1. Would a scan of segment 143-150 turn up a residue that is part of a strand (DSSP E or B), of a type outside the set (Asp, Glu), closer than 15 Å to Ala60 by Cα and in contact with a Lys or Arg (Cβ under 7 Å, 6 or more places away or on another chain)?
2. Give Ala133, Ala105 a once-over and let me know the one that is open to solvent by 60 Å² or more (accessible area, probe 1.4 Å) and out of contact with any Lys or Arg (no Cβ under 6 Å at 6 or more places or on another chain).
3. Going through Val92, Val35, Val6, Val11 one at a time, which residue ends up being closer than 26 Å to Ser140 by Cα and either modelled with pLDDT under 95 or open to solvent by less than 90 Å² (accessible area, probe 1.4 Å) (or both)?
4. What are the residues in segment 75-89 that are under 10 Å from Ile172 (Cα atoms) and either open to solvent by 40 Å² or more (accessible area, probe 1.4 Å) or assigned to a loop (DSSP other than H, G, I, E, B) (or both), if any?
5. Please pick out the residue among Gly169, Gly139 that is within 19 Å of the chain's Cα centre (by Cα), of a type outside the set (S, T, N, Q) and open to solvent by less than 40 Å² (accessible area, probe 1.4 Å).
6. Quick check: anything in segment 126-142 modelled with pLDDT under 95 and among the small types (Gly, Ala, Ser)?
7. Among the residues of segment 58-75, is any modelled with pLDDT of 95 or more and farther than 22 Å from Ala99 by Cβ?
8. Of all residues in segment 118-130, which are in contact with a strand residue (DSSP E or B) (Cβ under 8 Å, 6 or more places away or on another chain), of a type in the set (A, V, I, L, M) and either touching a residue at least 40 places away in the same chain (Cβ under 8 Å) or open to solvent by less than 10 Å² (accessible area, probe 1.4 Å) (or both)?
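The values are calculated or read from the model by the stated rules, or taken from the named source; none is laboratory data. Nothing here was measured: the structure is a model prediction, and the numbers come from that model. All Cβ positions, even for glycine, are placed from backbone atoms using ideal geometry, and neighbour counts span all protein chains on display. These area figures cover heavy atoms from the full protein model, side chains too; ligands, DNA and RNA do not enter into them. Shrake-Rupley method; radii C 1.70, N 1.55, O 1.52, S 1.80 Å.
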Amino acid sequence: LEFRRVLFRSVLGLQDIYVPAVAPWITTTSGATAVAKTETSTNKLNYQGISFANGVTNRAEFWWMPPRNWNAGTVKMTFHWLSTSSSTNSVVWFGSGVAFQDNTAIDAAQGTQQSVTDANNGASKVNISSQTAAITIGGSPAAGNPVQFRIERQSGGSDTLAAAALLLGVSIEYTISAGTAA
């Protein structure tokens, strides 16, 4: 019985899911550059990423099927990225989402975007942003129904990195509110 109580407590609360850059697709309008694989020169490590150019708006999107015991509340995003630029200027990443239930029109509006500004650590160094503020998902979020997320880099404002930003992936933080799925 004690083991079951500990196990039950361990699944409640904040959870994270990582979405690698190979999962999102490039949008038709203002799409980023398709996923490309790169190999490092010395240790021959391979990684894949989506290139978001500077000076224009770039987008990519993906679907997430939340667990049925998700609280259907807000989420936060953390962006993992790099640049070949040695500049320490900043990139601004945006995240938003829209939920779909049965019999929902597919042409639905995303919820309000939230952003995070992250300084580049130098050429070919992994950057991990802070979390965005809480993202309210558009539509009618419900546990067990899909959410479409949008990742975006916009031109201007606080985005001062005059180079491409290569998105490696994004972490989504969400909350589990019950020990078992409904």
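1. Residues of segment 143-150 that are part of a strand (DSSP E or B), as a first pass: 147-150.
Remaining after also requiring of a type outside the set (Asp, Glu): 147-150.
Within this subset, residues satisfying the condition of being closer than 15 Å to Ala60 by Cα are 147-150.
Next, only the ones that are in contact with a Lys or Arg (Cβ under 7 Å, 6 or more places away or on another chain) stay: 150.
Checking segment 143-150: at least one residue is part of a strand (DSSP E or B), of a type outside the set (Asp, Glu), closer than 15 Å to Ala60 by Cα and in contact with a Lys or Arg (Cβ under 7 Å, 6 or more places away or on another chain).
2. On the way: Ala133 fails: open to solvent by 60 Å² or more (accessible area, probe 1.4 Å).
Criteria check complete, one pass: Ala105.
3. Numbers: Val92 fails: closer than 26 Å to Ser140 by Cα; Val35 fails: closer than 26 Å to Ser140 by Cα; Val6 fails: closer than 26 Å to Ser140 by Cα.
When all the criteria are applied, what remains is Val11.
4. Listed by number, the list holds a single entry, Lys76.
5. Numbers: Gly139 fails: open to solvent by less than 40 Å² (accessible area, probe 1.4 Å).
Just one listed residue meets the conditions, Gly169.
6. Checked against the condition, which is being modelled with pLDDT under 95 and among the small types (Gly, Ala, Ser), segment 126-142 yields at least one hit.
7. Within segment 58-75, one or more residues are modelled with pLDDT of 95 or more and farther than 22 Å from Ala99 by Cβ.
8. Val126, Ile128
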